[in-house]
Each structure stands twice: as C-alpha cells, then as structure tokens.
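Novice: Next up is a structure, given as structure tokens.
Nothing in this text is a laboratory measurement; each read-out follows from the coordinates by a stated rule. All values reported here derive from a predicted model rather than from experimental measurement. Note that each Cβ is placed from the backbone with ideal geometry, even for glycine, and that neighbours are counted across all protein chains shown.
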Amino acid sequence: MRILCVITNLDTGGAQRQLVNLARGLKRRGHHVEFFTYYPQGFFKPELDQADIPVHLCLKKSRYALTPVWELRRRIRCGSFDVVLAFLETAVVYAELACLGMPGVHLIASERNCDPNAAISFGRAAKSRLHQLARTVVVNSHAHRDWMAAHFTWLNRRLVTIWNGVDTEVFRPAGNASNNGTLKLFGVGRITPQKNLPALAQALAECSGKKVAVTLDWAGKPDDLSCHRAVLAAIKNHRVEDVWRWLGVRKDIPALLNQYDALILPSLWEGLPNCLCEALAAGLPVLASDVSDNARLVQGGVTGFVFDPKRPSAIARAITQFAFLDQSTRRSFRLAARSFAEKELSLAACVANYERLLMADRQDRQPA
C-alpha cells in the first residue's frame, strides 16, 4: 500500500515519535510510506532519512492559512496514495478537508490525547463532527475510546483502539538497579501544566520529610514559560533544589532508562504515554498517575504503582512504597515490566494492528 503520514511537524513530541516509529515499521513490512508536514521543526527527520522515507514540507505562513490543505490534496492525488494517516488535531482537520471527494482513500484520523474533565468546546465538537469524513478514528487508549463514544455517539462505529508501539530492540533492559541507598527517579516530557510537576515537587519534599533518600532527573523542554516558572517556584518553595536535576532535551532516552530505579509520571491526563511504554520495555518499573490506561499498563505491586495525581501525598506514598522494596522484589518488577511490554506494547504488534485494519478495509471494498 501507498501510505501518506500527515503531522504538524517532526519536533520532539510523543505523537511525532509514535508516527515515525509506525512509519518505519510499515515500511519494513513492504509498504511505501511518505510524510507531509507544514512546520519546519525536524528533530525526527534524520530517522526518516535513514529509513529512506521522503518528507514533504509545505510551509504554513500564517495561523489560518489553508495552503497546506490544497498542497496536501495535490500530494495525495499525485502520489496515488491508498491511505492517509493523520496525527495531531490540526493536521487531522487538514487531512479530513483534503480528502473530501476521495472515496478511494482510507483516511485514518488519530486522536492521541484527551483531558476527560475539560469542557467540550464548540471547536472540539466541530472537529469531532469532521471525523465523519474519516473512515477510521484510531485512539491509543481504551479510556479515550470510552470517552469519545460517550460524548460523540456518531463516531461509535469508526472508533478503534490501538496501543502505542515500542521498538523492543532499542528499548531493552541493560542492568538498571542502583545499590547506593538513594532511589533514582527519572521523568521525561515537555514541561506543561498537564505534567503536574509542582505536585511532584511537593511529593519529593514529603519524601524528604520521611527520611526517604530520593533524587529526580527530568528530561524535556518547556512548552509553556509561565508553567516552567511555576515549576521552578514550586521546587524552590518546597526546598527540593538539591534532589531535582534538569537534563533538557535528550536523544539518548533508551540508555538513560537503564540508569534509574523507576520512571515517574505524575500527569493529570494522558493519551497513552510513550515514556511509560518505553520504560516498561526497558524493564524499568513505573510510578504513574491513575489516568487514561495507566492502571492497565502498570500493574500495582507487579510492575510499579499508580496514584492519584491530584494528591501530592499519594504521589509521595507511591515513591516511599517503592523505595522500601528489597532488591529481589525490584528485580521481579523489572522482569514483569519487560515481559508485559514484549507481549502488549511491541512496535511489531502496533504495526500489525494498523496493517490488519487497512487490509480488512481493502477486503471490504473488493467487488463481490
């Protein structure tokens, strides 16, 4: 099949990482894959270049410019694409508009993230109506699917859940136990209100008050400067500057995961977090907020612990509970994490699920 992947840009986000991984996997299975973007950020472009996947950039020059829609439509026609696979909200809208009047193209609109407690705005409802132009709407968590099915009933027959895929050859265990008495936590993600870092700072202070030795390294860049300032203020106010270290944007996440005792993810909401899936694949136990599908991914007392992200004391309790585990129990957590990832979260499984979806559609459209 000829597949065109559409996304805003190739920056450092989780959606970009996931679509690049999926594209590479589809190409390895014999499909022709290309990319279409409209902003120039290209963090992941070298990976596509290495895989010999072409990237077409149509520069969007103003916020409301529709040039990407016309250029995308032209690209779909000229490239004779069978499938258009769009990630991220605006890119999905552009793909849906571009595919109008193209019944032979299987358009997949992908929803990657959702705050289930947010009010449904007029714009959100309108964009969900536009999903009727897509043949399939893929979500990456069961929680998101349930939410959409409840709020946008007209999409029920189009909704499909496919979990994110992890390259289990890249993300794999390599000895990640520390024995110095200090619990080493790792966090990764853009610094946004969603990540709930002020609450994490308070939780670390509570751990310190309980004489639990813990350090945290966080990899990622600020997306929101006011949020970043609020996080820095929280770190200072709770006096955890000595245990919190910023790593910035890193390209060596697979290696980093093997330097820590556990991943911590205190987000207020999520789609299906790449970092969580990657940590499990690396055999790294996870301490995560009980949102989205996290409780399906992190088996309490087996591969980690989940907690209420709105209560810093609950975050601190999960950290303390893990800190007091003996090395034998931590080793069993690591083995269980890797085993779960191999069975449920491999890139091969994700690619196969997308391919199965496309092949089923092709068979449905074969003449009797």
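Novice: Could you tell me the center-to-center distance, by alpha carbons, between the stretch 196-267 and the stretch 313-350 in angstrom?
Specialist: Between the Cα centres of the stretch 196-267 and the stretch 313-350 lies a distance of 19 Å.
Novice: I would also like to ask the following. Among Lys60/Lys195; Lys127/Lys221; Lys251/Lys343; Lys45/Lys343; Lys221/Lys251; Lys184/Lys211, which pairs are too far apart, with a Cα-Cα distance over 19 Å? The partial results should precede the final answer.
Specialist: On the way: Lys60/Lys195 29 Å; Lys127/Lys221 29 Å; Lys251/Lys343 26 Å; Lys45/Lys343 29 Å; Lys221/Lys251 12 Å; Lys184/Lys211 15 Å.
Listed pairs above 19 Å: Lys60/Lys195; Lys127/Lys221; Lys251/Lys343; Lys45/Lys343.
Novice: What does the net charge come to around Leu4 if you take all other residues with beta carbon closer than 13 Å to its beta carbon, with K and R at +1 and D and E at -1?
Specialist: Details: positive: Arg2, Lys27, Arg73, Arg74, Arg75, Arg77; negative: Glu34, Glu71, Asp82.
Net of charged neighbours comes to +3.
Novice: Name the residue farthest towards the positive end of the dipole of the stretch 215-263 from the options Leu232, Trp218, Trp244, assuming +1 on Cβ of Lys and Arg, -1 on Cβ of Asp and Glu, about the Cα centre.
Specialist: Leu232
Novice: Where nothing but the Cβ of Lys and Arg (+1) and of Asp and Glu (-1) is charged, how large is the charge dipole of the stretch 183-344 around its Cα centre, in debye to the nearest 20?
Specialist: Details: 21 positive and 16 negative charges, 61 e Å.
The dipole of the stretch 183-344 has a size of about 300 debye.
Novice: Right, something else. Please compute the net charge surrounding Val93, taking Lys and Arg as +1 and Asp and Glu as -1 over other residues with Cβ under 15 Å from its Cβ.
Specialist: +3
Novice: Using modelled backbone amide H atoms (1.01 Å from N, in-plane), which distant-in-sequence or interchain residues come within less than 5 Å of Val55's amide H?
Specialist: Phe35
Novice: Shape verdict for the stretch 299-343, please, from the Cα gyration tensor: rounded (a/c under 1.5), prolate (a/b greater than b/c) or oblate.
Specialist: Verdict is oblate for the stretch 299-343.
Novice: Can you give the extra length, in nm with one decimal, that the chain gains between Gln132 and Glu344 once fully stretched, where that is 0.36 nm per residue apart less the Cα-Cα distance?
Specialist: 73.4 nm
Novice: Using the Cα centre of the chain as the reference point, and only Cβ charges (+1 on K/R, -1 on D/E), how large is the resulting charge dipole? Debye, rounded to the nearest 20. Can you show the working numbers first?
Specialist: Details: 47 positive and 33 negative charges, 90 e Å.
So the dipole magnitude of the chain works out to roughly 440 debye.
Novice: Counting other Cβ atoms within 10 Å, keep those with at most 10, restrict to DSSP loop, and tell me which chymotrypsin sites (Phe, Trp or Tyr not before Pro) in the stretch 280-344 are left. Show your work: numbers first, answer last.
Specialist: Details: sites: Phe305, Phe307, Phe322, Phe324, Phe333, Phe340; in loops: Phe324.
Hits after loop and neighbour filter: Phe324.
Novice: Still on this model: Over the Cα atoms of the chain, what radius of gyration and what Dmax do you get, in Å?
Specialist: Final numbers for Rg and Dmax: 21.1, 71 Å.
Novice: Nearest 0.05, what FRET efficiency do Ala255 and Met1 give at R0 = 35 Å with Cβ-Cβ as r?
Specialist: 0.50
Novice: Where Lys and Arg each count +1 and Asp and Glu each count -1, what net charge lies around Phe333 among other residues with Cβ under 14 Å from its Cβ?
Specialist: +2
Novice: Can you tell which of Glu278, Glu169, Glu270 shows the greatest fluctuation in a Gaussian network model of the chain with Cα springs below 10 Å?
Specialist: Fluctuation is largest for Glu169.
Novice: May I ask you to evaluate 6.51 cos²θ - 1.76 cosθ + 1.60, the Karplus curve with θ = phi - 60°, for each residue of the stretch 28-37 and list the ³J(HN,Hα) values in order in whole Hz, giving x for glycine and proline?
Specialist: 5, 8, x, 8, 8, 10, 9, 10, 10, 9
Novice: Can you list residues from other chains, or at least 5 along the same chain, whose modelled amide H is less than 5 Å from the amide H of Gln41?
Specialist: So Gln41 has HN proximity to Leu10.
Novice: Quickly estimate the mean residue ellipticity at 222 nm for the chain, helices only: each DSSP H run with n ≥ 4 gives -39500 (n - 2.57), and the total goes over all residues, rounded to 500.
Specialist: Details: 14 runs with 154 residues, N = 368.
The per-residue figure over the chain is -12500 deg cm²/dmol.
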